[in-house]
Amino acid sequence: MSEKEYAEDTVFWSLKRSTQFSARRRTITLFLAHSTNSTPTTYSWIDNTPLVWTELLDVLEAQNPASIAINVDTQIAFSSGLHVGELKNILDEFPKKWRDRLVGEPMLGVEFIATMPRQQLGWYKRIQETAWAMIGEGFSGNVIVPGKTNTEVRS
């Protein structure tokens, strides 16, 4: 996943730490399905210099993944989160060996979001209940009076 400030991949919002506001500079995140030699399974870089590509390529060389899934698709909007500028950077910076291993995975983002950890389910239910309660109240007879309620802003 590669993104820049205020042009985040759609999946970024589900992956970021709760204290992180947005992507900074260029933010690159690499997830390894099968890491070797007890190395981390997630790497993250926040940098806008050529060093980010050198370090990323070093990890790829060490791990030698058979394929590199990227969040792109022409049909599923949520799965086209990799901006064209970032894709161009990847294609420009990756040697042919790694470019040939790039694979667009149409459901990557959708499947990640659908795989919600059990500990989030309680919060999800509470958030949904709150949202539905707000909608229910906002469109109820307590708030909307036929013939009186309009879209004009009161001062």
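No value in this document is a laboratory result; all are computed from the given coordinates. As the structure is a computational prediction, the values presented were derived from the model and not from experiment. Positions of Cβ are backbone-derived with ideal geometry, glycine not excepted, and every protein chain shown enters the neighbour counts.
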Practice prompt. For Ile68, enumerate residues with amide H under 5 Å from its amide H, sequence gap 5+ or separate chain, H modeled in the peptide plane.
Written response: Leu102, Val103
Practice prompt. For the chain, please report how many Lys pairs fall under 25 Å Cα to Cα, leaving out neighbours fewer than 8 apart on the same chain.
Written response: 8
Discussion item. Using only DSSP helix segments of four residues or longer, with each worth -39500 (n - 2.57), what per-residue ellipticity at 222 nm results for the chain after dividing by its residue count and rounding to 500?
Written reply: -11000 deg cm²/dmol
Item to complete: Would you mind ranking Leu82, Leu15, Leu51 so that the residue whose beta carbon has the fewest other beta carbons within 10 Å leads the list?
Response: Leu51, Leu15, Leu82
Discussion item. Placing unit charges on C-beta atoms (Lys and Arg positive, Asp and Glu negative, everything else neutral), compute the dipole magnitude of the chain about its Cα centre in debye, rounded to 20.
Written reply: 380 debye
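Using only Cα atoms, figure out Rg for the chain and give it as a multiple of 2.2 N^0.38 Å.
Details: Rg = 21.1 Å, N = 155, 2.2 N^0.38 = 15.0 Å.
That ratio works out to 1.41.
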Practice prompt. Quick one: compute the contact order of the chain, relative version, from alpha carbon pairs under 8 angstrom and 6+ residues apart, as a percent.
Written response: 20 percent
Practice prompt. Find how much the distance from Leu57 to Met134 grows on full extension, using 0.36 nm per residue of separation minus their present alpha carbon separation; answer in nm with one decimal.
Written response: 22.9 nm
Worksheet item: So who's got an amide H within less than 5 Å of the one on Arg26, skipping anything under 5 residues away but keeping other chains? H placed 1.01 Å off N, in plane.
Response: Asp47, Asn48
